[in-house]
Amino acid sequence: MELTSKQRAQLRGLANSLDTILQVGKDGIGDNLIKQADDALEARELIKGRVLENNIEYDARTAAEALAKATRSEVVQVIGTKFVLYRESHSKPREKRIQLVKAARKKPL
């Protein structure tokens, strides 16, 4: 599912108050980190991560894209060493999930 710019803006606003719960350190992105990110996305839908300075393999953009691909999530935002990922939860009840703005329909020509 590709996010629209309005949906990204909505998620960026929600992510402002989030604490960083995921850290990519000198070990890089391994199975352990992917499992941690996957579990966090299922529980929270929206997570904030950070690439530590001692990591020489990844910058924030490449780490976010690699984690998004591995966890089937979307990169919402990358600023400096921090990034935000989103994936709709399937274990949460529908009313407890993040309600995204509906995508506008294209008008026929």
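Every number in this text was worked out from the coordinates using simple rules, so none of it is lab data. Because the structure is a prediction, the values reported are computed rather than measured. Positions of Cβ are backbone-derived with ideal geometry, glycine not excepted, and every protein chain shown enters the neighbour counts.
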Which numbered condition His90 misses (of (1) surrounded by 15 or more Cβ atoms within 10 Å (Cβ to Cβ); (2) not in a strand (DSSP E or B)): (1)
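When you look at Lys82, is it of a type in the set (Lys, Arg) and surrounded by 13 or more Cβ atoms within 10 Å (Cβ to Cβ), yes or no?
Working: of a type in the set (Lys, Arg): yes; surrounded by 13 or more Cβ atoms within 10 Å (Cβ to Cβ): yes.
For Lys82, the condition - of a type in the set (Lys, Arg) and surrounded by 13 or more Cβ atoms within 10 Å (Cβ to Cβ) - is met.
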For residues that are among the hydroxyl-bearing types (Ser, Thr, Tyr) and closer than 12 Å to Val76 by Cα, scanning just segment 1-20, find the one that is surrounded by the most Cβ atoms within 10 Å (Cβ to Cβ). Thr4
Select the helices (runs of 4 or more DSSP H) contained entirely in segment 1-86, then report the ones holding at least 2 residues which are under 24 Å from Lys102 (Cβ atoms), touching a residue at least 40 places away in the same chain (Cβ under 8 Å) and under 13 Å from the mean Cα position of the chain (by Cα). 5-15, 31-44
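Please go through segment 59-73 and pick out each residue that is under 19 Å from His90 (Cβ atoms) and surrounded by 19 or more Cβ atoms within 10 Å (Cβ to Cβ). Step through it out loud before you land on a result.
Start the filter on segment 59-73 by keeping residues that are under 19 Å from His90 (Cβ atoms), which leaves 67-73.
Residues satisfying the conditions are Leu67, Ala68, Thr71, Ser73.
Taking segment 25-58 as the search range and keeping residues that are over 15 Å from Thr71 (Cα atoms) and touching a strand residue (DSSP E or B) at 6+ places or on another chain (Cβ under 8 Å), which one is surrounded by the fewest Cβ atoms within 10 Å (Cβ to Cβ)?
Leu52
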